[in-house]
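Since the structure comes first, as structure tokens, the remarks are kept for the end.
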Amino acid sequence: MELNAVIVTLSTKNESFHNRNGEKNMAHRITDTCTYCGACEPECPVSAISAGDDIYVIDENVCTDCVGFHDHAACVEVCPVDCIIKV
Ligand code: SF4
Ligand code: SF4
């Protein structure tokens, strides 16, 4: 039973990584409640965030979900209005 729980946990975590073909499985996205404060942009370790016309934007092909850099999404941590979601 415990082993199954470990396997399920590992499987879930693996969804955040690139697969063997280097394709993205998950990323983060900024929603339209972004207040354009800019706090998230310098926090991104892979420079996936940039200023869009009305809101900041995450390049979902570049975002790694901070895997390999942090154990949490750095942009989510600093966003004052919690407008960054996992997709
Ligand atoms: S989750 Fe991490 S890698 Fe993705 S945009 Fe946010 S800070 Fe950048
Ligand atoms: S920290 Fe949040 S509110 Fe500020 S620019 Fe980034 S997504 Fe927008």
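Throughout, read-outs are computed from the coordinates displayed, never taken from laboratory work. Owing to the predicted nature of the structure, the values given are computational and were not obtained by experimental measurement. FYI the Cβ positions are ideal-geometry reconstructions off the backbone, even for glycines, and counts take in every protein chain you see.
Annotation: amide H-H contacts under 5 Å for His28 (H modelled 1.01 Å from N, sequence separation of 5 or more, or interchain): Asp65, Val87. Highest mean first, the peptides 31-37, 41-47 sorted by other C-beta atoms within 10 Å per residue fall in the order 41-47, 31-37. Listed values for region 26-36 are Karplus-derived 3J(HN,Hα) couplings in whole Hz (6.51 cos²θ - 1.76 cosθ + 1.60, θ = phi - 60°), namely 9, 7, 10, 9, 8, 8, 6, 8, 4, 9, 6, and x replaces Gly and Pro.
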